[in-house]
Amino acid sequence: MKKILKAFAGIALVGMLTACGTGNTSGDGSSADSVSIGYFPNLDHAAGIVGKEKGFFQDELGDVEANFRDFPNGNDFIDALDAGTLDIGYVGPGPAINYFLRGGDVVVISAAANGATLIVARDDAGIEELTDFDGKSFCTPGNGCTHNVQLEIMLQDLGLESNRLGGTVEHQSRVAPANMVAMFEQGQIDAAAAPEPWGTYLVEELGAKVVAEWDEVFLGETLPSVVLVTSKRFLEEQPEIVESVLKGHIQSVEYTHENTEDTLKTINDALYNLTQQRLPESVLESAWQRMVVTTNTFPEALQAWADASYQLSFIEEEPDLTGFVDTSKLEELLK
């Protein structure tokens, strides 16, 4: 148990280090001969991890060098995109939408995975269903993140609200998956809206209860848990590089469908290179069933998520996502 917990902490630490500029990217953005590609060390970032490890991106890019950066959370990813030190990459839709609505330069060019959110409760927390959250506590990776909105809108439909809105359900945000494990183990939190494979890990290794399966969560089957984004500026200035990355992305998605066993091994090996520890194979296999690696973006689900975020007061004005999604190049490549 301590070894696995240490592995999770290592993942978070490596992500933080690379987000601070100690990763293998040049840190000065992209030129015609290089491109910086971001991703998270999460299972639903399989397309990014497989594309990196199998060389799909580099093969498509040819003489253009691919520099990869891994991030611990969406806020750090967006900060890098905003600063121009990151060109393209994989991120949850929540941070990208929030950035877009603030006037940020970001565009979704494909989905990478749908699903991958699991709502779980500590075995002795007294939570059997969502109505039992009254007076309880839960954690999420970020305030207003994808998973946070998915859980809170479901609670609000039941007449429950978080303490952020004056309600009776305590929310602790910015809790990294490694810390979720520790908090569950030490009884410091009652429940979590967790990304995969961390939700499944809490269930299989710590005996947590599933309160809502991935396909029961708000927009669970259609909301992208990961999208591939770039800036409109980069899309306009480097269309050939973007097309090459998209080709590598499509190859990665197809590979995960045709080679599940090797995909999970590749992801576990990649995590091992970061942490010197491996995740239990049973956790990865079960978590894989709670997500869909896909290029299908479902813009209407993104709009519905943004509307829910507004309803929950995470954003101040009614959201208009016109121009946020541009999958025209992807659609051309898929023909």
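Coordinate-derived values only; no laboratory data. Quantities reported herein were computed from a predicted structural model and do not represent experimental measurements. Glycine also receives a Cβ, built like all others from the backbone with ideal geometry; neighbour counts cover every protein chain displayed.
Using the basic label-point model (7 angstrom from Cα toward the beta carbon), what is the Leu334 to Ala304 distance in nanometres?
1.8
I need Thr266, Thr297, Thr260 ordered by Cβ neighbour count within 10 Å, fewest first.
Thr260, Thr266, Thr297
First measure r as the distance between the Cβ atoms of Glu65 and Ser173, then evaluate 1/(1 + (r/R0)^6) with R0 = 35 Å and state the FRET efficiency to the nearest 0.05.
For R0 = 35 Å, the calculated efficiency reads 0.45.
Find how much the distance from Asp157 to Leu206 grows on full extension, using 0.36 nm per residue of separation minus their present alpha carbon separation; answer in nm with one decimal. Walk me through the numbers on the way to the answer.
Numbers: separation 49, 0.36 × 49 = 17.64 nm, distance 2.91 nm.
In short, 14.7 nm is gained.
Please go through the residue pairs Lys54/Lys232; Lys209/Lys265; Lys136/Lys209; Lys52/Lys232; Lys232/Lys335; Lys52/Lys329 and name each one whose alpha carbons sit more than 25 Å apart in this structure. Present the calculation step by step, with values, prior to reporting the outcome.
Working: Lys54/Lys232 28 Å; Lys209/Lys265 27 Å; Lys136/Lys209 15 Å; Lys52/Lys232 23 Å; Lys232/Lys335 23 Å; Lys52/Lys329 21 Å.
Those over the limit are Lys54/Lys232; Lys209/Lys265.
Net charge near Thr295, counting Lys/Arg +1 and Asp/Glu -1 over other residues with Cβ under 10 Å of its Cβ? Let's see the in-between values first.
Values: positive: none; negative: Glu254, Glu331.
Within the 10 Å Cβ shell, the charges total -2.
Round to a whole angstrom and tell me the spacing of the C-alpha centers of region 267-314 and region 71-110.
16
Mind ordering 178-191, 159-172 by average Cβ neighbours within 10 Å, highest first?
Working: 178-191: 19.2, 159-172: 16.0.
By packing density, highest mean first, the sequence is 178-191, 159-172.
In nm, to one decimal, how far is the Glu185 label point from the Glu258 one, both placed 7 Å along Cα→Cβ?
Between Glu185 and Glu258, the label points sit 4.0 nm apart.
Given Cβ point charges of +1 (Lys, Arg) and -1 (Asp, Glu) and nothing else, what value in debye, to the nearest 20, does the dipole of the chain about its Cα centre take?
Dipole of the chain, to the nearest 20 debye: 900 debye.
Quote the FRET efficiency, to the nearest 0.05, computed for Arg233 versus Asp124 with a Förster distance R0 of 41 Å and r equal to the Cβ-Cβ distance.
Computed FRET efficiency for Arg233 and Asp124: 0.20.
Only one of the listed values, (i) 33, 21, 20; (ii) 31, 23, 17; (iii) 29, 25, 20, was derived from the coordinates as semi-axes √(5λ) of the Cα gyration tensor in Å; which label is it?
It is the one labelled (ii).
Restricting the count to DSSP beta bridges whose residues both fall in the chain, what percent are antiparallel, rounded to a multiple of 5?
Details: 22 of 37 bridges.
Counting DSSP beta bridges with both partners in the chain, the antiparallel share is about 60 percent.
Calculate the spin-label point distance for Leu165 paired with Ala32, positioning each point 7 Å from the Cα along the beta-carbon direction, and give it in nanometres.
Spacing of the two 7 Å Cα→Cβ label points: 5.2 nm.
With n ≥ 4 as the cut-off for DSSP H runs, can you work out [θ] at 222 nm for the chain, using -39500 (n - 2.57) per run divided by the number of residues, rounded to the nearest 500?
That comes out to -13500 deg cm²/dmol.
Can you list the aspartates and glutamates whose alpha carbon is less than 14 Å from that of Lys247, not counting same-chain residues fewer than 8 positions off?
Within the straight-line cut-off, Lys247 pairs with Asp59, Glu60, Glu331, Glu332.
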